[in-house]
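What follows is a set of notes on a single structure, which appears directly below.
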Amino acid sequence: MEDQFAAFHSWVNCLNKPLTNPGTSLLRISDAISIGDRGLVASRKIKPNQCILSITIADPRLLLTPNRAWSLLALCDCGAVDINSYNRVEPMDALVIFFLHLQLASLRCSECCILLPLWRPYLEVLPSHFTDVAFISIRQPDIYARVLSMLPSDMRFAFTKQCSRVHTAFERLFGNGRSQSQPQPHMLHNFAWAWSLVNSRCVYCKLTQEVDASTPGFPLLGQQAFKQKKYCKLSSHKPSDLAIVPFFDLFNHSPAVSVKLHIDGDCMRLSSSGGSLSGDQVCHLPSF
């Protein structure tokens, strides 16, 4: 796994080359940390309010928005995911379907998926399981049922409501107009993985419509023209505040830190009000 994380870090740095300073140079991956099993530590002293990380926003592999995800899916004909064209697709749905597409293509060893090779270094460091209620309810229903039976009514209601969200989204996106009380387990299991991935990793960042709709990263797919597929359009043409920034996965969360995320020209910058000594763990808030 260490080799995979090293390869992931190199992948990010390679894609981030057009950016000058600091990139990821102030941070390194370490398992000698106080919060979590693996995270980021300062590679040298960081001053208060100094920019600790800069990520280019041009490449969709480093900053994936719902609009970018949906546009990329329209290019791939591997058939990993097929949804009903008349269904409404919300911004978060687009991100979930994107990672569901990659996961299914990976499981099928699909050589015709043009997106899978481009995101493989990120996929290889993602967890195979999650511990949120929705994921456990689908992947380990016996454990979920036992836990649910021991909870007080208010917590039981909250757990049930959270689980219903993922089932409702699955039915809305992949239902065929009929009730699917027993959807295909394989598909639902992988949908739960993609759902938990996006819900645990997406961040909020304000992007202009020009940036969100820009396609400078799409030439990485070659000269392939956009195809008309039966994917419906997103429910809103406005830029979404949601995004997946793969390098942010390496941060652990701490309510004790104060960080600021902002877009500066062609890059996203993260700064912290508190300084860090070399070797100190660097965290961010649970949400920006």
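Quick note: the coordinates plus some simple rules give every number you see, no bench work behind them. Bear in mind that the values here come from a model prediction, so they are computed numbers and not experimental data. Every residue, glycine among them, receives a Cβ derived from its backbone with ideal geometry; neighbour counts consider all protein chains shown.
Points worth noting:
- In this label model, Ile143 and Arg44 are separated by 4.4 nm, measuring between points 7 Å along each Cα→Cβ vector.
- Look at the dipole of the stretch 1-126 built from charges on Cβ: of Pro22, Leu100, Cys113, the Cα furthest out on the positive end belongs to Pro22.
- For the stretch 65-201, alpha-carbon Rg over 2.2 N^0.38 Å: 1.09
- Measuring spread by the Cα atoms of the stretch 1-154 yields a radius of gyration and Dmax of 19.2, 55 Å.
- Once the C-beta distance of Asp82 and Val203 is scaled by a Förster radius of 22 Å, the resulting FRET efficiency is 0.15 to the nearest 0.05.
- Only Lys, Arg (+1) and Asp, Glu (-1) charged, at Cβ; the stretch 65-201 dipole about Cα centre in debye: 240
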